[in-house]
Amino acid sequence: MTTDAQRGAPATSGPRHRDPFAEERTFLDALAKALEALGGLNTTIRQPYGMGVPYLHAEGGGTMGEDIRLRRVSRDGSLRAVWPWGEDLPTDPAAAAEAIRRVVKPEM
């Protein structure tokens, strides 16, 4: 897994600044690790212009890839991973990783 910061993107947090997206990064990192455990997938946590809400890009090789975004659940403030078409992914990172793999690396 690579991050924009590893590619030289500007850092959004420093010794005097709190990262406003720390919870989102932690959530996406758990999902990326679950995807890496499945093998054969490339993941990148991206952040638009170094200051927007981060998201996960997952590729299964070739031209198959998806951007997994996050949303907050209004009743309790928890985070949910969401497909580009707006459908929620499973809340368990391992189950969500399996669903992502089925889409970005389908086995024929």
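Every number in this text was worked out from the coordinates using simple rules, so none of it is lab data. It should be emphasised that the depicted structure is a prediction, and the values quoted were computed from it without experimental measurement. A quick note on method: Cβ atoms are made from the backbone with ideal geometry, for glycine too, and the neighbour counts reach across all protein chains shown.
Observations
- For segment 29-34, Karplus couplings with θ = phi - 60° (6.51, -1.76, 1.60), whole Hz, Gly/Pro x: 5, 5, 5, 4, 5, 5
- Per-pair calculated FRET efficiency, R0 = 30 Å: Met51 and Asp76 via Cβ, rounded to 0.05: 0.70
- The local environment of Gly65, defined by Cβ-Cβ distances under 13 Å, has a net charge of 0 under the rule Lys, Arg +1 and Asp, Glu -1.
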